[in-house]
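First comes the structure, then the notes that go with it.
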Amino acid sequence: AHDGTAAEGPNEWLASKFDEMYNMYTGAKHKNHFQLRGYMLAAAAIRRTTWLIKSGDEAAKIKGIGEGFKTRIDEFLQGRPGRLFYDMDEQMQATQAFAKIYGVGKNLAYDLYQKGARTIADLGAPSNPYNLSGGQQIGIQLYDDLNTRIPRAEGKSIHDLVRAEAIRIEPKLWIEIMGSYRRGQENSGDVDFLITRDPSVDGITHAGVLRKLVQNLMDQGFITHELSQPHDWSELEAKWMGICRLENGLYRRIDILCIPFESWGASLIYFTGNDIFNRSMRLYARKQGLSLNQRGLYKGVIRGKDGLKMTEGEIVASRTEQDIFEYLGLRWRPPHQRRP
Ligand code: DCP
Ligand code: MG
Ligand code: MN
């Protein structure tokens with residue numbers, strides 16, 4: 001990065017070091033908002049400088065660069081990363097690795113580091129020294145597999161297998177592959193399924209199918225782990241999360257969501273995502289005095305000062321995605337265009 005191109009100023013490399021520090025310290029709890037901002041401002045100030053910075057003393061004269069960065073800048077320019085830099089680098093590496101464990105968020109990742117954990121192997125010691133939950137321990141055991149993206153072709157194989165078993169249990173079941181696969185992505189983090197059944201002709205619902213489906217797929221050796229079960233398996237709305245594995249393949253995350261037939265369209269939108277698209281669509285509905293969730297689009301929802309719903313309101317669209325787009329006055333967007 002030393003060879004600055006024509007578009008870059010003479011101090012691009014030094015500025016990029018401050019970008020790196022900004023990224024590195026983000027999430028570190030002992031750095032406050034102002035300190036973080038300091039790195040960002042310094043990076044900008046260094047970029048704006050048109051003359052070549054050769055020392056910390058010179059740099060400290062520039063507006064936006066604090067005295068406190070003098071030593072840092074000397075360390076960078078002389079190619080000797082300081083002590084703190086190494087400490088923080090270890091922290092950053094450890095917390096980022098921990099946060100990729102299934103069921104471990106940024107905060108817990110940081111706490112684990114503070115408690116002395118440095119590697120995934122530390123966390124996975126047989127005595128479970130950090131009191132991790134069953135799901136988190138599975139996340140550690142299958143760490144590499146679960147952090148490997150699922151190619152689209154494998155997503156399709158998993159879908160074909162799950163669908164075939166579901167249809168065998170209930171021939172009139174509606175089952176659809178959702179999430180990033182439905183959006184057309186080349187690879188996915190997990191494989192998501194949405195399930196319902198139209199009860200209008202014969203009164204039969206999909207209630208009970210989920211339990212049989214999971215049980216059968218476990219008996220076949222395809223589902224290998226359960227991470228979360230529904231509160232009530234026989235409800236029309238139920239969510240299951242777990243892990244599956246094709247013969248000789250990697251362990252893969254799989255999510256199955258069951259929903260009442262009336263909610264099909266709203267759930268298709270929700271479970272197709274992505275999450276940022278969902279947020280913007282919900283905000284759009286809200287600005288029109290409506291409310292959108294995975295069950296449907298509602299009017300007449302009354303919200304308190306805190307924004308929380310005080311009344312459910314009345315459902316105005318939910319059966320198809322198109323109904324919901326239309327009611328909102330939005331141009332139809334097929335799944336592969338559902339980016340924010
Ligand atoms: N979803 C959401 N908000 C969340 C979690 C999920 O709106 N907090 C919705 C949008 C997601 C969909 O559910 O697209 C599926 O969730 P996934 O976590 O499986 O995300 P994706 O399938 O989009 O991506 P990935 O390939 O990482 O699984
Ligand atoms: Mg997914
Ligand atoms: Mn998912």
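Of note:
- Where a residue in the range 130-147 is touching a residue at least 40 places away in the same chain (Cβ under 8 Å) and its partner, wherever it lies, is assigned to a helix (DSSP H, G or I), with Cβ under 8 Å and at least six apart: Tyr143/Ile120; Leu146/Gly139
- Taken over the range 114-128, the criterion of being part of a loop (DSSP other than H, G, I, E, B) and free of Cβ contacts under 8 Å to residues at least 12 places away in the same chain is satisfied by Gly116, Ala125, Pro126, Ser127, Asn128.
- Residue in the range 211-218 that is closer than 24 Å to Arg338 by Cα, modelled with pLDDT of 95 or more and either under 23 Å from the mean Cα position of the chain (by Cα) or part of a helix (DSSP H, G or I) (or both) present: no
- If the condition is being more than 15 Å from ligand 2 (Cβ to nearest atom) and either assigned to a strand (DSSP E or B) or surrounded by 16 or more Cβ atoms within 10 Å (Cβ to Cβ) (or both), then the range 171-194 contributes Leu173, Trp174, Ile175.
- Counting the residues of the range 34-51 that are closer than 19 Å to Met24 by Cα and outside any helix (DSSP H, G or I) gives 0.
- Arg211 among the basic types (Lys, Arg) and within 16 Å of ligand 2 (Cβ to nearest atom): no
- Residue list for the range 147-170, restricted to those being within 16 Å of ligand 3 (Cβ to nearest atom), part of a loop (DSSP other than H, G, I, E, B) and either more than 20 Å from Arg245 (Cα to Cα) or touching a strand residue (DSSP E or B) at 6+ places or on another chain (Cβ under 6 Å) (or both): Arg149
- Residue count for the range 302-322, restricted to those that are assigned to a helix (DSSP H, G or I) and either surrounded by fewer than 17 Cβ atoms within 10 Å (Cβ to Cβ) or in contact (Cβ under 8 Å) with a residue 60 or more places away in the chain (or both): 1
The values are calculated or read from the model by the stated rules, or taken from the named source; none is laboratory data. Not measured: the values here are computed from a predicted model. Please note: Cβ atoms are built from the backbone with ideal geometry, for glycine as well, and neighbour counts cover all protein chains shown.
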